[in-house]
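Below you'll find the structure, written out as structure tokens, and then a few comments.
The values are calculated or read from the model by the stated rules, or taken from the named source; none is laboratory data. Here the structure is a predicted model, which means the values were calculated and not measured. Reconstructed Cβ throughout: ideal geometry from the backbone, glycine too, with neighbour counts over all protein chains shown. Heads up: the accessible areas ignore ligands, DNA and RNA and are worked out on the full protein's heavy atoms, side chains in. Shrake-Rupley method; radii C 1.70, N 1.55, O 1.52, S 1.80 Å.
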Amino acid sequence: MEKVILKTKRLTIRPIQLGDEKEIHEYAGDKEITMMYWLPNDAFEETADFVKRNAAEWDSPKQLNFEFVLVYEGKIIGGCDCDLEHSEDHSYATLGWIVNKKYRNQGFASEAAAAVLDFAFTKTGVNKVYAQCDCKNPASFAVMNKIGMTLVDDSGTRTYPKTGITSGELTCLITKEEWKTLRSR
């Protein structure tokens, strides 16, 4: 797929690329991130590997994971992804986001998630998009609600690979039809 650049009121949302490592590591290496599956990155090299892998994915003709960075006033402040790899038949996507703590509580996650959700439905051919968060992460759950997602499962659990801690998980969903209805309002 050609590399897509999404624009919102305040953000440029573009594909991750080589050279983004330092700004991404600023939030990906933050030891206070406790509710992200694979973060924090303990070493800069982990972030560099992540960037290299995901930048290469954008050049793959069989791309299934679309990793974007959020650029605000010329600085990368977070990331958002649309991933079709969780679905064997690629009929649905999962959506995720992270924002540098210096830029949280300003609506950037909702703004980015809505734009990437639009991308998922218009560019990837999926009919459903899921998002999940730790049950102790009200900010992410609020983003899901704000972009029109509905809670479909509150009984899940997640175990964090870096800490071994198990916690509750919330799963939200929005269908393409629900998204179309919201857009037409």
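Annotations
- Contact order normalised by residue count of the range 135-184, Cα under 8 Å, 6+ apart, percent: 37 percent
- Matching label, semi-axes √(5λ) of the Cα gyration tensor in Å computed from the structure shown, candidates [x] 34, 17, 14; [y] 23, 21, 17; [z] 31, 19, 18: [y]
- Extended-chain gain in nm, criterion 0.36 nm per residue less alpha-carbon gap, Arg53 and Glu26: 7.9 nm
- Probing with 1.4 Å while keeping every protein chain in the model, the per residue accessible area of the chain equals 53 Å².
- Here the chain exposes an accessible surface that is 51 percent carbon and sulfur, computed with a 1.4 Å probe and the other protein chains kept in place.
- Residues whose amide H comes within less than 5 Å of that of Asp30, counting only those at least five positions distant or on another chain, are Asn41 (H built at 1.01 Å from N in the peptide plane).
- Loop-resident sites, the range 71-166, for GluC sites (Glu not before Pro), counting at most 13 other Cβ within 10 Å (DSSP): Glu73, Glu85, Glu88
- Of the trypsin sites (Lys or Arg not before Pro) in the range 137-181, the ones in a loop by DSSP (not H, G, I, E or B) with at most 16 other beta carbons within 10 Å are Lys162.
- DSSP-assigned coil residues among chymotrypsin sites (Phe, Trp or Tyr not before Pro) in the range 20-103, each with at most 13 further Cβ atoms within 10 Å: Tyr37, Trp38
- Over the chain: helical MRE at 222 nm, DSSP H runs n ≥ 4 each giving -39500 (n - 2.57), nearest 500: -9000 deg cm²/dmol
- Spatially near lysine pairs across the range 1-140, Cα under 20 Å, sequence gap of 8 or more or different chains: 23
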